[in-house]
Amino acid sequence: MASREIVPEHYQAFRAFLEQSCGIVLGDNKQYLVSSRLGHLMEREGIKDLGELVYRVQQPGGQRLRGMVIEAMTTNETQWFRDTYPFTILQDTLLPEFVKRGQQQLRIWSAACSSGQEVYSLSIALEEYRARGARIEAEIVGTDISPAMIAQAKEAKYPASTINRGLSPERRDRYFQPSGESWVVRPEIRRRGQFMVHNLLDSYASLGRFDIIFCRNVLIYFSATSRENILNRMIQQMRPGGYLIVGASESLARHTGDLQMIRSHGGVIYRLRER
């Protein structure tokens with residue numbers, strides 16, 4: 001399916017479907033992206049054009065195809081210790097603060113966790129902090145809209161090409177076990193991670209409340225309305241004194257009444273204000 005074959009009416013219908021289903025907002029000229037991500041799927045399913053695809057995913061019994069389309073269109077780009085500063089802040093600022101409060105058990109949410117790198121990076125950062133003598137533990141909940149990504153995160157096995165993206169050889173050798181041409185997360189790091197399929201547009205009630213929420217480089221894909229809705233509900237899931245960490249390009253200017261901006265280690269984090 002070449003991008004020039006996508007007629008405007010079909011593209012607009014697909015944009016509306018994608019936003020309604022998972023909140024992703026496509027730009028006016030992203031036909032090439034749709035073609036590259038859905039071309040093989042449509043060929044395999046015998047779908048002649050984007051209009052037929054939109055029709056079929058909206059029919060009764062279209063759940064399987066709808067799931068495959070959403071998975072194909074979801075960005076799953078990630079790496080270990082991405083951007084560095086959030087993990088430095090965690091080790092040097094947040095964990096010491098919780099220890100000072102006398103809190104020994106944390107709940108951390110990694111929203112849109114992809115194949116698990118952020119969850120296990122957080123667990124490694126916590127393990128390194130505990131090695132300094134601190135008595136603190138955490139349950140780290142990773143969620144993603146993609147069942148395939150969650151399955152990979154649960155398996156905790158990564159090929160060498162993936163393991164080298166952001167992970168130092170020292171950390172690799174300490175916290176991973178070689179398995180053929182892949183590497184498997186060691187049990188002491190893996191045990192903290194809990195993974196589940198979750199759409200950020202759905203209810204958060206089953207997730208519980210959190211001391212720290214990582215929702216990085218995700219909100220930029222949502223419409224302004226969906227973004228506000230997601231942030232408002234995340235704030236409701238935060239425990240008193242909790243922290244929210246978003247991507248460097250994602251502003252929370254409209255939420256200054258609920259969140260206090262804090263600059264640290266070259267980055268910005270947000271703390272829930274006292275109520």
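The values are calculated or read from the model by the stated rules, or taken from the named source; none is laboratory data. Bear in mind the structure is a predicted one, so any value in this text is a computation, not a measurement. Here the Cβ is made from the backbone with ideal geometry for all residues, glycine too, and neighbour counts use every protein chain on show. Areas reflect the complete protein model, heavy atoms only, side chains present, ligands, DNA and RNA absent. Shrake-Rupley method; radii C 1.70, N 1.55, O 1.52, S 1.80 Å.
For this structure, a couple of remarks:
- Subset of the stretch 57-68 (residues that are part of a loop (DSSP other than H, G, I, E, B) and open to solvent by 50 Å² or more (accessible area, probe 1.4 Å)): Q58, Q59, P60, G61
- Looking only at residues in the stretch 16-56 that are small (G, A, S) and assigned to a loop (DSSP other than H, G, I, E, B), the one that is nearest to H198 (Cα to Cα) is G23.
- Residue check, Y129 within 15 Å of Q79 (Cβ to Cβ) and part of a helix (DSSP H, G or I): no
- Filter result for G180 (modelled with pLDDT of 95 or more, on the phi > 0 side of the Ramachandran plot and either out of contact with any Asp or Glu (no Cβ under 6 Å at 6 or more places or on another chain) or open to solvent by 20 Å² or more (accessible area, probe 1.4 Å) (or both)): no
- Candidates E5, E19, E9 - the one that is surrounded by 17 or more Cβ atoms within 10 Å (Cβ to Cβ) and of a type in the set (D, E, K, R): E19
- Per-region count, the stretch 69-81, residues open to solvent by less than 50 Å² (accessible area, probe 1.4 Å) and assigned to a helix (DSSP H, G or I): 4
- Scope the stretch 209-233; condition farther than 24 Å from Q117 by Cβ and of a type in the set (V, I, T); matching residues: T225
- Meets criteria (of a type outside the set (D, E), farther than 21 Å from I213 by Cα and not in a helix (DSSP H, G or I)) for Q177: yes
Matching residues to (1) open to solvent by 30 Å² or more (accessible area, probe 1.4 Å); (2) over 29 Å from V99 (Cα atoms); (3) at pLDDT below 95; (4) not in a strand (DSSP E or B):
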residue: Y120; (1), (2), (3), (4): no, no, no, yes
residue: S123; (1), (2), (3), (4): no, no, no, yes
residue: A148; (1), (2), (3), (4): yes, yes, yes, yes
residue: E188; (1), (2), (3), (4): yes, no, no, yes
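- When the strands (runs of 3 or more DSSP E) confined to the stretch 200-275 are screened for residues that are open to solvent by less than 60 Å² (accessible area, probe 1.4 Å) and in contact (Cβ under 8 Å) with a residue 40 or more places away in the chain, those reaching at least 3 such residues are found at 210-215, 238-246.
- Residue match in the stretch 32-48 (condition: within 21 Å of I220 (Cβ to Cβ) and surrounded by 15 or more Cβ atoms within 10 Å (Cβ to Cβ)): yes
- For I140, the test of being open to solvent by less than 20 Å² (accessible area, probe 1.4 Å), in contact (Cβ under 8 Å) with a residue 24 or more places away in the chain and farther than 30 Å from S35 by Cα is passed.
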